[in-house]
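What follows is a short report on a single structure.
Bear in mind that the values in this text are calculations on the coordinates, not laboratory data. Nothing here was measured: the structure is a model prediction, and the numbers come from that model. Note that each Cβ is placed from the backbone with ideal geometry, even for glycine, and that neighbours are counted across all protein chains shown.
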């Protein structure tokens, strides 16, 4: 079977695409022979190296990328697991900066298939166990692991992590996590591990976060209390418990929110300095060289084209701030595709007065699956949020982007956002530049 064959098989294996819970994945992990975690709290496994969990509503991918870059510059062998992917499933696992090969993934899928016996696993559970298997066998020095959805019942949370990071808490996936920040914070804070550091970078976290962290016996590092940053137009500095990082250049990732993500990464590394010491030079180089596609990514050339995977109201608000900081553009055209289940009206409201024309595109086909949403549905949401909005509806991302290009001059701006699927579809086009 090819990698595509496996992914198709795994997609249809379980009765529901999302079925939160740890019982199934723990049972199969134990059958695969992973080392058991500490006998504290929930059943857990180890990967044979220090591990860092990264959770939150937004900012997880950027924080993982910064940790990876700094740790690589420090000379460590680093594994990074993130999701979802943009173009290829292989992107989800990087070992020393290189994507996992088809052969590695197929071999790991075969081992999961053999171990699971009669246990049915979701796509995410199956692929997560396969990636853990590769990381465990590679013998890396450190693993950085992104939580997929929520925290408490996410498959990645079976890891007995040495440090956990909560980047942000806001409304998203309410059908699974709750309708309020308090409820969502409660779910996400359960990545805290007893007697281990828990880094909270949200400047105003819901009270449920501290309550869960205390109940689980973790060591809370709260932004604004245990670590902080300050900066001017040229450089920035970070201070934490007994450690300072001064006179640093700003991270290569664009966006006003990236210093919060960078601060979280530095707090995590500071909390693990006895296990994973990093030099100031490695920190500077790591921030200078970090890369991550589609996180306020501005393509070179004219007109300006901005790619951003903002797919919930909080991320749209951050995108609005970042667009404001780009300077003046006579005209801004947005190419937007948003999957079902997302609050499109709230997303549009966050970007009101920043877009002159909206090119709305349908996201359909096998990649969208049950999350498919057509442009006409988005048009209704947009008119609710911005009654006088100028808009056009398109069958797919390519049509929407072609239309956007026809509306702008060289000194104008196109912003593409709304979903990973939207950016992925655009990335396949050869005429973006």
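Just subtract the alpha-carbon distance of residue 87 and residue 410 from 0.36 nm times their residue separation and send over the number in nm, one decimal. If you can, show how the numbers build up before the last one.
Values: separation 323, 0.36 × 323 = 116.28 nm, distance 2.82 nm.
That works out to 113.5 nm of additional length.
Kirkwood Rh, Cα Rg: Rg to Rh for region 66-137? Could you put the intermediate results ahead of the total?
Numbers: Rg = 13.1 Å, Rh = 13.0 Å.
Here the Rg-to-Rh quotient is 1.01.
Consider all pairwise Cα distances in region 170-306 and report the whole-number % of them above 20 Å.
Result for the distance tail: 56 percent.
What distance in nm separates the simple spin-label points at residue 246 and residue 110, each placed 7 Å from Cα in the Cβ direction?
It works out to 5.7 nm between the two label points.
Can you give the angle from 0 to 90° between the axis of helix 397-407 and the longest principal axis of the chain, with both taken from C-alpha atoms, to the nearest 10?
Once rounded, the angle reads 40 degrees.
Show log10 I(q)/I(0) for region 1-97 at q = 0.16, 0.19 Å⁻¹, two decimals, from a solvent-free Debye sum over equal Cα scatterers.
Values returned for q = 0.16, 0.19 Å⁻¹ are -1.01, -1.33.
Say we join alpha carbon atoms closer than 10 Å with springs in a Gaussian network model of the chain; which of 155, 249, 218 then has the biggest fluctuation?
It is 249.
State, as an integer percentage, the relative contact order of region 144-261 based on alpha-carbon contacts under 8 Å between residues 6 or more apart. Present the calculation step by step, with values, prior to reporting the outcome.
Numbers: 194 pairs, mean separation 22.2, N = 118.
After rounding, I find 19 percent.
Using only alpha carbon pairs under 8 Å that are at least six residues apart, calculate the relative contact order of region 307-387 and give it in whole percent. Intermediate results must be reported in sequence, preceding the final value.
Details: 105 pairs, mean separation 25.9, N = 81.
Here the relative contact order equals 32 percent.
Roughly how tilted is helix 280-289, in degrees to the nearest 10 and between 0 and 90, from the longest Cα axis of the chain?
40
When DSSP beta bridges are limited to those with both residues in the chain, what percentage is antiparallel, rounded to the nearest 5? Write down the numbers at each step before the final one.
On the way: 18 of 56 bridges.
Around 30 percent antiparallel, to the nearest 5.
Between region 353-384 and region 166-234, what is the separation of their alpha carbon centroids in Å?
Their Cα centres are 31 Å away from one another.
Can you compute the radius of gyration and Dmax for the chain, using only the Cα atoms, both in Å?
21.3, 63
For the pair residue 237/residue 328, report the inter-label distance in nm, with labels modelled 7 Å from Cα in the Cβ direction.
For residue 237 paired with residue 328, the spin-label model returns 3.6 nm.
Need the full-extension length gain, residue 368 to residue 42, defined as separation in residues times 0.36 nm minus the C-alpha distance. One decimal, nm. It would help to have the intermediate numbers written out before the result.
Details: separation 326, 0.36 × 326 = 117.36 nm, distance 3.40 nm.
Difference between extended and current length: 114.0 nm.
Points 7 angstrom from Cα along the Cβ direction at residue 210 and residue 302: gap in nanometres?
Each label point lies 7 Å from its Cα, and together they span 5.2 nm.
Would you mind getting the Kirkwood hydrodynamic radius of region 255-393 from its Cα pairs, rounded to one decimal in Å?
17.3
Compute the semi-axes of the equivalent ellipsoid of region 132-250, taking the square root of 5 times each eigenvalue of the Cα gyration tensor, and list them largest first in whole Å. Spell out each step's value before the answer.
Values: eigenvalues 127, 86, 41 Å².
The answer is 25, 21, 14 Å, longest axis first.
If I stretch the segment between residue 353 and residue 141 completely, what's the gain in nm (0.36 nm per residue apart, minus their alpha carbon distance), one decimal?
Working: separation 212, 0.36 × 212 = 76.32 nm, distance 4.77 nm.
That works out to 71.5 nm of additional length.
Would region 316-433 count as rounded, prolate or oblate if I go by the C-alpha gyration tensor, calling it rounded below 1.5 in a/c and otherwise prolate when a/b exceeds b/c, oblate otherwise?
Details: a/c = 1.62, a/b = 1.18, b/c = 1.37.
Oblate shape, in that a/c is at least 1.5 and b/c is the bigger or equal ratio.
Working from Cα positions, state the angle (0 to 90°, nearest 10) between the long axis of helix 102-116 and the longest principal axis of the chain.
60
For the chain, with a Gaussian network of springs between Cα atoms less than 10 Å apart, report the residue from 356, 232, 324 with the top mean-square fluctuation.
Result for the chain, Cα springs under 10 Å: 232 fluctuates most.
Where does each of 252-259, 117-124, 76-83, 21-28 land if you order them by average Cβ count within 10 Å, highest first? Write out the running numbers ahead of the final one.
Details: 252-259: 19.0, 117-124: 15.2, 76-83: 22.4, 21-28: 17.5.
Going by the mean number of other Cβ atoms within 10 Å, highest first, we get 76-83, 252-259, 21-28, 117-124.
How many Å³ per residue does the convex hull of the Cα positions in region 309-348 occupy? Each step should come with its number before you reach the end.
On the way: hull volume 2.8 nm³, N = 40.
Cα-based convex hull of region 309-348, divided per residue, equals 71 Å³.
Please report the relative contact order for region 141-209, taking Cα pairs under 8 Å with a sequence separation of at least 6, and give it as a percent rounded to a whole number.
Numbers: 100 pairs, mean separation 25.3, N = 69.
Here the relative contact order equals 37 percent.
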